[in-house]
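Here the structure comes first, spelled out in structure tokens, and everything after it is commentary.
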Amino acid sequence: MRLSDDFPKGFKYLPGYFSPEEQKGLVDTLRYLVKEAPLFTPVMPRTGKPFSVRMTNLGTLGWVSDRSGYRYQTQHPETGQPWPVIPKVLQDLWNKVGDSPTAPEACLVNYYAATAKMGMHQDRDEKTFEAPVVSVSLGDTAIFRLGGVKRGGPTQSLKLNSGDVVVLGGEARLCYHGIDRILGGSSSLLKDGGRLNLTLRRISPF
Ligand code: MD3
Ligand code: FE
């Protein structure tokens, strides 16, 4: 077990980046956008096993998973509509913390009910790993696990609370990571409980 303050190079943890008022504003914006692009339940490639996390996307490209595989696509898999535009507050966040010369193309929105989790994985469906991934947590606290660039190495655990931002650049960009569990009832931000995670990404080279 690594010390919890000994993060990989390029991993930036910004606890409480968004104030409670800013978090409420973000949730209001997301409620509106999720009406346009409803949460869907992705399934695993080949097996069709459903994810416990529900998802939607904002931006010119959105990440989807179905029996054919994982990919980025321009339309919502159920409505066939283009994804809503990434709101200004998230574009601003990217410009402030992303140290990346251009705009994010995708904002994956993950919704975790109290029983949902996400297994350890790498994010490697993007065509460039040059830009960081910028993550925002809202609602219930998550127990996040961060490993190294190889599967099965040492890992460390970190709580992600509502309003926290994490920037995954440099070496951290290809580190294994997952969500072990959600602490149900730890936040009252979302009226039905659970957790929203937003990840801003660049897919294509600049
Ligand atoms: C570390 N989401 O959408 S966000 C994902 O909380 C994903 O929903 C988790 O993993 C969530 O792919 C974790 C923090 C995060 C995002 C991307 C990373 C950590 C990362 C990429 C590399 C290393
Ligand atoms: Fe991930």
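Miscellaneous remarks
- Residue list for segment 32-46, restricted to those being within 17 Å of the chain's Cα centre (by Cα) and within 18 Å of residue 91 (Cα to Cα): 33, 34
- Unmet criterion (only one of (1) of a type outside the set (S, T, N, Q); (2) open to solvent by 10 Å² or more (accessible area, probe 1.4 Å); (3) under 17 Å from residue 55 (Cα atoms); (4) in contact (Cβ under 8 Å) with a residue 24 or more places away in the chain) for residue 82: (4)
- For segment 88-146, the set of residues classified as charged (D, E, K, R) and either free of Cβ contacts under 8 Å to residues at least 60 places away in the same chain or within 13 Å of ligand 1 (Cβ to nearest atom) (or both) consists of 88, 92, 96, 117, 123, 124, 125, 126, 140, 145, listed by residue number.
The values are calculated or read from the model by the stated rules, or taken from the named source; none is laboratory data. Bear in mind the structure is a predicted one, so any value in this text is a computation, not a measurement. Reconstructed Cβ throughout: ideal geometry from the backbone, glycine too, with neighbour counts over all protein chains shown. We work out accessible area using only protein heavy atoms, side chains counted, and drop any ligands, DNA or RNA first. Shrake-Rupley method; radii C 1.70, N 1.55, O 1.52, S 1.80 Å.
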